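One structure below.
The values are calculated or read from the model by the stated rules, or taken from the named source; none is laboratory data. In this text, all values refer to a predicted model and were calculated from it rather than measured experimentally. FYI the Cβ positions are ideal-geometry reconstructions off the backbone, even for glycines, and counts take in every protein chain you see.
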Amino acid sequence: MITMEHVCKSYKIAKRNAGFGEAFKALFHREYEVVHALSDVSFTIRDGEMVGYIGPNGAGKSSTIKILSGILTPDSGVVTVDGRIPYKNRMEHVKEIGVVFGQRSQLWWDVPVIDSFELLKDIYSIPGEIYRNNLEELTELLHLSELLRSPVRQLSLGQRMRCEIAASLLHSPRILFLDEPTIGLDAVSKIAVREFIQKQNEIHKTTVILTTHDMQDIEALSKRIILIGKGKILLEGTLEDIRRGDAGIDETVAELYRAYEIE
Amino acid sequence: MKKYLSFFRLRFTMGLQYRTAALAGMVTQFAWGFLEIMVFQAFYKAEPEAFPMTMSATASYIWMQQAFLALFATWMMENNIFDTIVSGNIAYSLCRPVRIYNMWFSQSTATRVSRAVLRCFPILIVAVFLPENYRMAKPASPWHFGWFVITLVLGLLVTVAFSMLIYVFTFFTVSPQGVRIVFTSMVDFFAGAVIPLPFFPADWQRVLELLPFASMQNVPLRIYSGSMSGAEMEKAVVMQLVWLAVLVTFGSWLSRMAEKKVTIQGG
């Protein structure tokens, strides 16, 4: 179970106007602006749930994921994941979770995919048999057999993302964080990724938290939606709750953003 | 421990892939080696008595230095470590049950060893068969050779532990350029990479010997060439151990601090 209670996080950002004079001035006096990435965020996610976490760019989605995965320490508030405080004991916590950042890569660029997988096996101390079973299952579900022996730099984005997802599930984590997993993918790859996530949740009861801008992802995957904007939780509910009439999902969400003035 | 060995293995095999870079490196090192020896010879001919090392020891020092350049050159750093910090890809490493410090330590040791293994043999073999004044001499004795190997490993670890500080500082400074330039030029000069430490004025030497820089290439290269032995050598080995412990303790503490207050850059 994941709970966040009254979590706040702010960043300090150096700001200046354009131009040489301003740049020179900034050498001596720097102006900072405090940006509240999260202010008073609370929610609970039960085991085995699949939750879509949506909101415009800069709403605080990634910050939330980073706090839940133990990378970032919140300024205040209480966070527990299966009874652990993620940022207090990072090493213990991360053994139990899998994370995919759609815009980053965890695979080693210059070596075949399978080398990265073998390394992960040692990093997580995955017992040989479990590793073989997981690898076999993931290879089949994500159609990786052709890809495992190619260097990562020669994979297409869709192929790489399938490998990334497999990489984050080799150690059978109970919770999977997906930060924009379908970003930049073509229709075929998107559908493959969605189907796989669905299956993973059904078969292994993995809790999935998904951030995305692609509303079809949400439609296909999550029964429950958390809408965040300007660092605050604005709405929680099912897709049906927020849909009006027979408006498309994109229109519905755009309408919501406008209603809350978080565009 | 096994996970860090795996890092080492992966990085090591990766390093062995870059054959062309190794070839280009070797050509540079030959050119540089000859150039340096010629310069030292000019000085030697002018006034042999003022020379703190024999010409043969100097030549051995220079060839060993060129052969094992990749082990000790602090300017050869792991660019991909800087990249992960600057781009924010470090997020992934932090999502793993690994100590960032240990991971980077094994990774950069592996890269250095793989580079050195690719480059050292051709240089050493050619250097042995060069004409008299340019030749690399045999080690002073098997005993010296044994100590040479031990201190070579220690020197490598001290060098890596020192460059780890540069990586960790990058957590705080955001861009690695500044720290990197200051540190690497300092190391090059004080470690005996530009000129061997015995060529420094005596007062300088007494201070330099106490700094971590003298515990890097200075010790193995001088033991091999026979310009360091006995009590001086024992003292140098102790200094290596002390600096290794200090740098590793400080570095891993600092890295833990950094991990706690890190902000991941980029969305």
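Is it true that some residue in the stretch A:39-58 is loosely packed, with under 14 Cβ neighbours inside 10 Å, touching a Lys or Arg at 6+ places or on another chain (Cβ under 7 Å) and either among the hydrophobic types (A, V, I, L, M, F, W, C) or not assigned by TED's automatic domain parsing to the domain that holds residue A:250 (or both)? Scanning the stretch A:39-58, I find no residue that is loosely packed, with under 14 Cβ neighbours inside 10 Å, touching a Lys or Arg at 6+ places or on another chain (Cβ under 7 Å) and either among the hydrophobic types (A, V, I, L, M, F, W, C) or not assigned by TED's automatic domain parsing to the domain that holds residue A:250 (or both), so the answer is no. The set of residues in the stretch A:173-218 that are at positive phi and touching a helix residue (DSSP H, G or I) at 6+ places or on another chain (Cβ under 6 Å) contains only A:184.
Only a single item in (1) assigned to a loop (DSSP other than H, G, I, E, B); (2) touching a residue at least 12 places away in the same chain (Cβ under 8 Å) is not met by residue B:236, and it is number (1). Residues in the stretch A:166-187: is at least one out of contact with any Gly (no Cβ under 9 Å at 6 or more places or on another chain), within 14 Å of chain B (Cβ to nearest Cβ), at pLDDT below 90 and surrounded by 15 or more Cβ atoms within 10 Å (Cβ to Cβ)? The answer is no; no qualifying residue exists. Taking the stretch B:1-48 as the search range and keeping residues that are out of contact with any Ser or Thr (no Cβ under 8 Å at 6 or more places or on another chain) and of a type in the set (D, E, K, R), which one is nearest to residue A:121 (Cα to Cα)? Ranking the qualifying residues of the stretch B:1-48, first place goes to B:9. Testing residue A:183 on (1) under 24 Å from residue A:69 (Cα atoms); (2) outside the structural domain of residue A:49 (by TED's automatic domain parsing), one condition comes back false. Which one is that? Going through the list (1) under 24 Å from residue A:69 (Cα atoms); (2) outside the structural domain of residue A:49 (by TED's automatic domain parsing), residue A:183 breaks only (2).
Every residue, every condition in (1) in contact (Cβ under 8 Å) with a residue 60 or more places away in the chain; (2) within 30 Å of residue A:200 (Cα to Cα), yes or no:
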position	(1), (2)
A:5	yes, yes
A:16	no, no
A:25	no, no
A:28	no, no
A:31	no, no
A:45	yes, yes
A:48	yes, yes
A:58	no, yes
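In summary, residue B:147 fulfils each of the numbered conditions (1) within 13 Å of chain A (Cβ to nearest Cβ); (2) buried (at least 21 other Cβ atoms within 10 Å of the Cβ) with the single exception of condition (1).
Taking the stretch A:144-170 as the range and being part of a loop (DSSP other than H, G, I, E, B) and not basic (Lys, Arg) as the test, the residues that pass are A:144, A:145, A:146, A:147, A:148, A:150, A:155, A:156, A:168, A:169, A:170.
Considering only the stretch A:142-163, I want to know if a residue exists there that is under 22 Å from the mean Cα position of the chain (by Cα), among the charged types (D, E, K, R), closer than 20 Å to residue A:70 by Cα and within 14 Å of chain B (Cβ to nearest Cβ). Checking the stretch A:142-163: not a single residue is under 22 Å from the mean Cα position of the chain (by Cα), among the charged types (D, E, K, R), closer than 20 Å to residue A:70 by Cα and within 14 Å of chain B (Cβ to nearest Cβ). Residues of the stretch B:75-99 that are small (Gly, Ala, Ser), touching a residue at least 40 places away in the same chain (Cβ under 8 Å) and either on the phi < 0 side of the Ramachandran plot or more than 8 Å from chain A (Cβ to nearest Cβ) (or both): B:87, B:91.
Of all residues in the stretch A:52-106, those being among the polar types (S, T, N, Q) and more than 11 Å from chain B (Cβ to nearest Cβ) number 3. I'd like to check something: does the stretch B:110-121 contain any residue that is under 18 Å from residue B:224 (Cβ atoms), among the charged types (D, E, K, R) and touching a residue at least 24 places away in the same chain (Cβ under 8 Å)? Within the stretch B:110-121, one or more residues are under 18 Å from residue B:224 (Cβ atoms), among the charged types (D, E, K, R) and touching a residue at least 24 places away in the same chain (Cβ under 8 Å). Picking from residues in the stretch A:114-137 that are within 14 Å of chain B (Cβ to nearest Cβ) and over 15 Å from residue B:5 (Cβ atoms), the one that is surrounded by the fewest Cβ atoms within 10 Å (Cβ to Cβ) is A:128.
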